[in-house]
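First comes the structure, then the notes that go with it.
The values are calculated or read from the model by the stated rules, or taken from the named source; none is laboratory data. Please read all numbers here as calculations on a predicted model, not as lab measurements. A quick note on method: Cβ atoms are made from the backbone with ideal geometry, for glycine too, and the neighbour counts reach across all protein chains shown.
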There are 2 protein chains.
Amino acid sequence: MLEKLYLSDLEPGQLYKSREYLVTAEEIKTFAQQFDPQPFHLDEEAAKSTFFQGLSASGWHTGAITMRLLVDSLPIAGGLIGAGLEDFRWLKPVRPNDTLWVESEILSCRVSQSKPHQGLVKLRHKTLNQLGEPIQSFISTIVVPQKPGVQKALSPESCPTP
Amino acid sequence: MLEKLYLSDLEPGQLYKSREYLVTAEEIKTFAQQFDPQPFHLDEEAAKSTFFQGLSASGWHTGAITMRLLVDSLPIAGGLIGAGLEDFRWLKPVRPNDTLWVESEILSCRVSQSKPHQGLVKLRHKTLNQLGEPIQSFISTIVVPQKPGVQKALSPESCPTP
């Protein structure tokens, strides 16, 4: 178990790397049957004549796998709770037997003005494959609690926004 | 089967409504076990003392359900293929037995300059619950092919960006 992270533990520029996740053809098809039943996510043969020219994972599947990796690599106290996402891009198709991992960089953090017991932290998450190619990228804003007992020590300026 | 939509069929202001989707506690927990294993998505009792004060669906689950509804309600020729998302917000928790549906509005469409056989269409998707409350909202950019035989009839100006 990693130690839980509070707002005062986070600073712009910090990097968090996840473990690796193997994406199988079986998992690509199972996810697609439930949430994104289109030929390029369901069947190798049918996928050949499509935009993707072969079986590829649903972008929502890649997003969900990214979340699974973030839950382990960003042990925020109170849980990993997203308020929103920006600049979400799918950069390359994810293929069967790709191994994905995620690199998260803290961009900014600030104490909430309306709820000073918590802060809002902005991160950029890049999901990469086994060749180190970025296949997905987005910016998230997450809710991070203040450490019990240190609330008063933090001011909005102590956690600068670049 | 709905007729497939090409670039020339789409205009800013058009609305597409999806069917409804019932979200069960069982499905919330099953998705969370695989992709977002946090107490507020996994267990009613454990969820009570968290930020969400009760079991709620993973935001990635809500996104995946939204995609499932879009596949049926936006029958784009060649499939529903996203290039990216903007301004993604989770507005309210999704609870067990909520019924979700999606309203999509075309914001703009333009012919691709580098690939004139296709266009890029921007839409705002609102996911709502049974009370009509928006629980998630985002803007997508999707790739839409030109109708065979009408490529030359369309210019970048014929599909205006508001």
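Taking the stated definitions as given, is A:Leu131 buried (at least 16 other Cβ atoms within 10 Å of the Cβ), of a type outside the set (Gly, Ala, Ser) and modelled with pLDDT of 95 or more?
Answer is no for this residue.
Scanning the stretch A:51-63 for any residue that is without any contact (Cβ under 8 Å) to a residue 40 or more places away in the chain, assigned to a helix (DSSP H, G or I), surrounded by 20 or more Cβ atoms within 10 Å (Cβ to Cβ) and within 14 Å of chain B (Cβ to nearest Cβ) turns up at least one such residue.
Is at least one residue of the stretch B:98-121 of a type outside the set (Ser, Thr, Tyr), without any contact (Cβ under 8 Å) to a residue 60 or more places away in the chain, part of a strand (DSSP E or B) and within 14 Å of another protein chain (Cβ to nearest Cβ)? Yes; the residues of the stretch B:98-121 include at least one that is of a type outside the set (Ser, Thr, Tyr), without any contact (Cβ under 8 Å) to a residue 60 or more places away in the chain, part of a strand (DSSP E or B) and within 14 Å of another protein chain (Cβ to nearest Cβ).
Within the stretch A:23-35, being within 14 Å of chain B (Cβ to nearest Cβ), in contact (Cβ under 8 Å) with a residue 60 or more places away in the chain and either of a type outside the set (Ser, Thr, Tyr) or in a strand (DSSP E or B) (or both) holds for A:Val23, A:Ile28. Scanning the stretch B:64-80 for residues that are more than 21 Å from B:Leu128 (Cα to Cα) and either aliphatic (A, V, I, L, M) or without any contact (Cβ under 8 Å) to a residue 12 or more places away in the chain (or both) yields B:Ile76, B:Ala77, B:Gly79. Annotation note: of A:Ala32, A:Ala83, A:Ala57, A:Ala64, the sole residue that is aliphatic (A, V, I, L, M) and modelled with pLDDT under 95 is A:Ala83.
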